[in-house]
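What follows is a set of notes on a single structure, which appears directly below.
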Amino acid sequence: MALLEARDVVSGYGDVEIIHGVSIDVASDEIVSIIGPNGAGKSTLMKTLFSLVDCWDGTVTFRGEDVTHDQTSDLSRNGMCYVPQTDNVFPTLSVEENLRMGGYILGDPPKENYERIYNHFPILEERKSQQAGSMSGGQQQMLAIGRALMLDPELLLLDEPSAGLAPDLVDDVFEKIIEINEDDTAILMVEQNARKALKFSDRGYVLEMGENRFEDTGEVLLNDSKVGELYLGG
Amino acid sequence: MMTDNDPNADDSSMNRRPILKTVAAGGATAVLAGCIGGGDGGDGGNGDGNDGSSDGDDGSSDSGGGGATYDVGLVNPYSGDLAPFADRNDRGSDLALSEINNESVAGGKINKITADSETTSNAGVSASQKLVNQEGVDVLTGPCSSGVAVSIAESVTIPNEITHIMINSTAPGITDLEDNGYVLRSCPSDAFQGQALAQVVSDNDISSVSLIVVNNDYGQGLADAFQKRYKELGNTVETTIPAEQGRSSYSAQLNEADNPNSEGIVFIVYPQSFQTMIREAYQMGIQENYEIFGAESMVSDEVEQNVDPVAINGMKGTNPSPPIESEVYQTFAEEFQNEYDRQPTVWAAYAYDAYMMLGLAIHSAGEYSSDAVANAIYEISRPEGTEVSSIAEGKSELDAGNAINYQGASGNVNLDENGDPSGSYQHWEVIDGTFEMQGFVDTGQ
Amino acid sequence: MALELQLVVNGIVFGSIILLASIGLSLLYGIGDFANFAHGEFLTLGAFITFAGYVTFGLPIYVAGLMAFLFVGALGVLIDRILMTRHRDSTPIILLILTIGLALFLRAVIRLQWGDNQRTLGMPLERGTELLQGSVGWIDYGIRITSTDIAIVFLALVLATGTHLFLTRTRMGIAMRAMSDNKSLAKVAGIDTDTVMTVTWALSGALAGTGGMLLAMQTGVLFPRMGFNIVLVVFAAVILGGIGSPYGAMIGAYIIGIAQEVSVMIPGISAEYRYAFAFLIMIAVLLYKPQGLAGGRW
Amino acid sequence: MALSGPAAFLVSMLTLGGIYAILAIGLNIQWGQTGLFNISVAAFWGIGAYTAALVSKVGGETAFSWGLPFLWVDVVGFPIPIPVAVILAAIVSGVVAVLIGIPTLRLRTDYLAIASLGLAETIRLIFLNEGWLTGGGTGSTVSNPLVDLQYTNLTLLVITLVVLGIVYWLAETGVQSPWGRALEAIRDDEEVAQALGKNTFSLKMQAFVIGSMIMGVAGALTALRLNYITPFEFIPEFTFYVWIAVIVGGSGSNRGAIIGAGFLMVLLEGPRFLSDFLPGLSGSVAADLRFLLIGLVLMLVVTYRPQGFLGDKQLMTEDNT
């Protein structure tokens, strides 16, 4: 049984249906990417999985339990954390305070939680009293991921972790993601930067118009001519 | 509306009074009819047109003799800035009403119907529209602030030919309203007090002052009258500083009043602001350097009870004289104390007198209608009659066919041809934290 | 004539009074994202609770003040639980109208309980102690200060410092700042935003309640409109400092307080215009620096 | 005179309701149509009222002796009809609106709210303290030629309803026009409107000025209704009242604004009859209960029907800031 199983998920905003029945699995040691053109509903799907958008139909199970309509805070508590695409740090809080808020549910998170994150991202320890808003985009992204890791989740949902980063930083971020995955955290991410994402991923899903199009290992998708032509920019 | 354009309204009223008296002795009704007739040609029609609602009342009062009810309206500031005055008006009028309705006048009882003016004209006009047109009262009393009172007079009572007795509206401008005799007051115009206050300040050898004045109709009217008289007496007003009610601090105003050329500071403000001001003035050490004076608005329980005597001892001022020594006032004060467990203010006395006069006027007229009350109220208050101070006395004299002269708790309440009682004023000094009356002010006029 | 330095001192005292109200209003503004027009009534209520404790029950003034702090704080919780939980997703305008309704409601309750007549705390009078007599050129730097003045400034600063420590040292305080920064991220991070909102109401109410006590101590008289009469100035301080920033509100409160008092030195401007002066400063600053002096920072 | 009894009361209430409706339409153009969060309604109302009062006094005696129709007022020997006094009130309000708009309309929504509230208070202080112009706290008389008519109040009601009709027609025409749609675009998303090449500042200014002019007209009518005005009429509470009318009626709908004004009148004046049913009630307690009720109703309405009676649901329930 997979760690996360989404079955025929339907959702949207207001009266507009955006996801028309998407199914996704994430196993407990995997990195899974969701790619697809703009407007395919990738981010909406992520938000639906994390209960930020109401799930109209279908089910989401996490560790075998139905979490379709769970509160986000319950999801975080039970091991699923989410990093939004933009505005993903508290800009006026210091780095350390940001991490502390990541562990809000734990009450006051123990020291080793901070240490684990400082091990992944030494820069955060260096700058722990700096205001998050004054850091570079790459550092903010790391902080955002670090914040989500405070709860030591089993599954991390990342919405476009490379968005807005300079190309040389993108690799850094993906390397960190692999590092985190090796630390026993499954990763489900949405990426615009499809080629790179698939390279780093165990498996990938291609979404279009709110529906599943393709699904396979990262390598297969990367080499699939149709996928390459349609979604990877040739 | 100020058609008279008489720059010296006070003097002219003084001049005209003897004439009125003479004529009034001959037949006050004729004079008043003339007054009313002077407005427009529709005098005869007025009575009829007006009586659409009051016919019923007249009928019942004529026939029954026992059970008639005379609806009187009271527009009162139950909310808004002057809300503290509402209860005073209610207490004073209720005290009078209990006496009137014990005795019954013209065989009936007065029923007071209240409405909230919210201390604004918009609401006050709505309130009086309701009382006059919905409840069908023939006589309206209140409201409090003169601005609202004028709006109501101009928009409701005068056009509807409703007798309008103002209880607390002391603005001098009201004297000049073109009211066809329908607007009366139970409180004297501040024009008189301004003169008295100027006299008191001048008599204390203070020849230059700063004025701190609440910037509403009351404060400005009184300050203008003060200033005029004070200058006539050869003194100077250094600055006039407006102060809005309800501020949390008046240190800026006090700083402005703290003027090396001034020898005194005159406060024309309400107790509420005064308590804040005097507290700050004391902290700033201002009354060490200046003689402090105040208008009648200071004279209140609030100030006596709440202000530390050291801050106000030696302060002087004027007060419309409820003739505190007089039996009338003593009785009133005693009854008031029994009923409400507190000392009456001058405002309660005005409200009391307004209703007492109303009761006597109804009895004198033998009927209840706007015109009848407007006419009779002059008769029962004029100096020529036997002095009476209670409903029982008044009734027995009137029933015996004698003219009466009501002596009110607030003074002799002789209404002049503008419907204003003449004010007489005592000067007071604060001694050991209480306002001690020191005798009447001779304004030399 | 006016002692120039005295005006500044008066301004600091007045600034201290509006300081607590400003911090509370700013917290709600920043975290709840709406303008609480009932904040003036919180002040009034704080003043009247102080009155009830100090005059009616004869308790020491600091106990009465503590009562005001706790009672108005508890009222904040009550309002949040009964009324505001239904409005977590309402637009600012709905919330604004809602708080106007709340203001009218609370003021009516205050009137029903304490009546329209002004009440007095009856604090002992005290002549200000003279300090620094003298002058340099046309500037007279003599001042007088009373112990009430000092108590007001001291208490305001202590509570402001306490609020600062709460906001920077405690988990709940940091969560409040986080929520002010980014409400949806706060939810994503698992912060219990509902509880944070309730605590914000409690803190905002408690600070306003104490502010009401200071206001009553300064003016000496209490009346149902007292809080509403200064709430505009509190708003000016909050906006001047930058909406949602309690530290900005602190700066704003003192600038408005001092500017108001000092404005009487401008020739030809009547003392009555000092409130207007507060607004003109506010608008000038907004034009020059639309985010307020603190630029939206904490 | 002439009219008496419940009919006269009704006429008076309808007039006041009409005035509130005009104010509400003015505010609706600013808020409902354009999204301008203006809390200075009372100020423009007051400016209109004072302008009318001043204009009415200029000539002293009215032009009746000229045998002209009753709507004429004499200014410096030159007779002008009352509508001109009303129009002058609108013009002065408009000029002040431009002056206030220049610094404030660039501010973001909630800043505009507080800034306009501050300016309204400043204007009230000017009414209060510039006695040479406004009569200060004493107030200002209005030389109202209507009082000499046989049906004063009825005439005023007719004038009010005619003005309301014209204002409503203008507002509705505006809503339907491209101009009205441009304003809506600003309301819904100013940046998008800007990107579409609209001069949003100019459009906002137009809406602000026109709305304020309408409020000024309501002020002139108020002056004619009260015959005497003081600064104490124009306190912030009255601005809130007009907001209540707009919100309850439904933001964005002119018809809603009128209905909202009707609701407001019931809310404000209805409780006056409370004491008829509760005879033992003292006047001040009744007044307090009235405001208690107003507050309560307001809270209930925005809780259970935030879009008002006829409102644009989206405007009130979705966050578009």
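The values are calculated or read from the model by the stated rules, or taken from the named source; none is laboratory data. From a predicted model like this one, the values you see are computed outputs, not experimental measurements. Here Cβ is always computed from backbone atoms with ideal geometry, including for glycine, and neighbour counts include all displayed protein chains. These area figures cover heavy atoms from the full protein model, side chains too; ligands, DNA and RNA do not enter into them. Shrake-Rupley method; radii C 1.70, N 1.55, O 1.52, S 1.80 Å.
For the reader, a short list of remarks on this structure follows.
- Only one of B:Asn216, B:Asn122, B:Asn180 that is in contact (Cβ under 8 Å) with a residue 60 or more places away in the chain, within 12 Å of another protein chain (Cβ to nearest Cβ) and buried (at least 24 other Cβ atoms within 10 Å of the Cβ): B:Asn216
- Consider region B:273-298 and keep the residues that are buried (at least 24 other Cβ atoms within 10 Å of the Cβ) and touching a residue at least 60 places away in the same chain (Cβ under 8 Å). The one that is nearest to the other protein chains (Cβ to nearest Cβ) is B:Met277.
- Tally, over region C:150-196, of residues that are of a type in the set (Val, Ile, Thr), assigned to a helix (DSSP H, G or I) and in contact with a Phe, Trp or Tyr (Cβ under 8 Å, 6 or more places away or on another chain): 1
- Subset of region B:191-223 that is among the acidic types (Asp, Glu) and either touching an Asp or Glu at 6+ places or on another chain (Cβ under 6 Å) or assigned to a helix (DSSP H, G or I) (or both) - its residue that is nearest to C:Ser270 (Cα to Cα): B:Asp217
- Per-region count, region B:225-240, residues outside any strand (DSSP E or B) and in contact with a strand residue (DSSP E or B) (Cβ under 9 Å, 6 or more places away or on another chain): 5
- Residue ID - farthest from the other protein chains (Cβ to nearest Cβ), chosen from residues in region B:219-233 that are out of contact with any Ser or Thr (no Cβ under 7 Å at 6 or more places or on another chain) and among the small types (Gly, Ala, Ser): B:Ala225
- Residue in region D:176-190 that is under 28 Å from D:Gln33 (Cβ atoms), away from chain C (no Cβ under 14 Å), assigned to a helix (DSSP H, G or I) and among the aromatic types (Phe, Trp, Tyr) present: yes
- Number of positions in region D:114-130 that are more than 7 Å from every other protein chain (Cβ to nearest Cβ) and in a helix (DSSP H, G or I): 6
- All positions within region A:37-73 that are open to solvent by 60 Å² or more (accessible area, probe 1.4 Å) and of a type outside the set (A, V, I, L, M): A:Asn38, A:Gly39, A:Lys47, A:Asp54, A:Trp56, A:Asp57, A:Arg63, A:Glu65, A:Asp66, A:His69, A:Gln71
Condition check ((1) crowded, with 24+ Cβ neighbours inside 10 Å; (2) in contact with a Lys or Arg (Cβ under 8 Å, 6 or more places away or on another chain)) across all residues:
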site: C:Phe154; (1), (2): no, no
site: C:Thr163; (1), (2): no, no
site: C:Gly173; (1), (2): no, no
site: C:Met179; (1), (2): yes, no
site: C:Thr198; (1), (2): no, yes
site: C:Gly205; (1), (2): yes, no
site: C:Ala216; (1), (2): yes, no
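- Residue check for B:Asp190: closer than 24 Å to B:Ala223 by Cα, open to solvent by 20 Å² or more (accessible area, probe 1.4 Å) and either of a type in the set (D, E, K, R) or within 14 Å of chain D (Cβ to nearest Cβ) (or both): no
- Reported count of residues in region A:76-131, each being on the phi > 0 side of the Ramachandran plot and facing chain C (nearest Cβ under 8 Å), is 2.
- Matching residues, region C:246-290, being modelled with pLDDT under 80 and small (Gly, Ala, Ser): C:Gly268, C:Ser270, C:Ala271
- Every test in (1) aromatic (Phe, Trp, Tyr); (2) in contact with a Gly (Cβ under 8 Å, 6 or more places away or on another chain); (3) within 30 Å of C:Gly212 (Cα to Cα); (4) part of a helix (DSSP H, G or I) is passed by B:Tyr282 save one, and that test is (2).
- Applying the criterion of at least 3 residues that are surrounded by 24 or more Cβ atoms within 10 Å (Cβ to Cβ) and not assigned by TED's automatic domain parsing to the domain that holds B:Glu296 to the helices (runs of 4 or more DSSP H) found wholly in region B:322-403 leaves B:346-365, B:370-381.
- Qualifying residue in region D:145-158 (condition: open to solvent by less than 20 Å² (accessible area, probe 1.4 Å), within 14 Å of chain B (Cβ to nearest Cβ), of a type outside the set (A, V, I, L, M, F, W, C) and touching a residue at least 24 places away in the same chain (Cβ under 8 Å)): yes
- The residue that is nearest to C:Pro60 (Cα to Cα), among those in region C:119-138 that are among the hydroxyl-bearing types (Ser, Thr, Tyr) and at pLDDT 65 or above, is C:Thr120.
- Close pairs from region C:100-127: first more than 8 Å from chain D (Cβ to nearest Cβ), partner among the acidic types (Asp, Glu), Cβ under 8 Å, at least 6 apart: C:Ile110/C:Glu41; C:Asn117/B:Asp87; C:Asn117/B:Glu302; C:Gln118/B:Glu302; C:Thr120/B:Glu302; C:Pro124/B:Asp308; C:Leu125/B:Asp308
- The lone criterion from (1) within 19 Å of the chain's Cα centre (by Cα); (2) open to solvent by less than 50 Å² (accessible area, probe 1.4 Å); (3) more than 14 Å from D:Ala89 (Cβ to Cβ) left unmet by D:Trp169 is number (2).
- Only residues that are open to solvent by 10 Å² or more (accessible area, probe 1.4 Å), closer than 29 Å to C:Leu167 by Cβ and within 11 Å of chain D (Cβ to nearest Cβ) were counted in region C:246-283, giving 2.
- Taking the conditions (1) surrounded by fewer than 23 Cβ atoms within 10 Å (Cβ to Cβ); (2) not in a helix (DSSP H, G or I) in turn, A:Leu156 satisfies each one other than (1).
- B:Ser248 being at negative phi, part of a loop (DSSP other than H, G, I, E, B), out of contact with any Asp or Glu (no Cβ under 9 Å at 6 or more places or on another chain) and of a type in the set (S, T, N, Q): yes
- Looking only at region B:117-172, residues that are among the charged types (D, E, K, R) and at negative phi come to 4 in all.
- Output for region C:197-239, where each listed residue is more than 19 Å from C:Tyr254 (Cα to Cα), modelled with pLDDT under 95, part of a helix (DSSP H, G or I) and of a type in the set (Phe, Trp, Tyr): C:Phe228
- Sub-8 Å Cβ pairs linking a first residue in region B:251-268 that is over 19 Å from C:Gly220 (Cβ atoms) and away from every other protein chain (no Cβ under 14 Å) to a second residue that is part of a helix (DSSP H, G or I) and open to solvent by less than 20 Å² (accessible area, probe 1.4 Å), at least 6 apart or interchain, are B:Gly264/B:Val201; B:Val266/B:Leu197; B:Val266/B:Val201; B:Val266/B:Phe226, ordered by first then second residue.
Residue-wise test of (1) open to solvent by 20 Å² or more (accessible area, probe 1.4 Å); (2) modelled with pLDDT under 90.
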residue: B:Ala153; (1), (2): no, no
residue: B:Thr157; (1), (2): no, no
residue: B:Ser169; (1), (2): no, yes
residue: B:Ala198; (1), (2): no, no
residue: B:Ala223; (1), (2): no, no
residue: B:Lys231; (1), (2): yes, no
residue: B:Gly234; (1), (2): yes, no
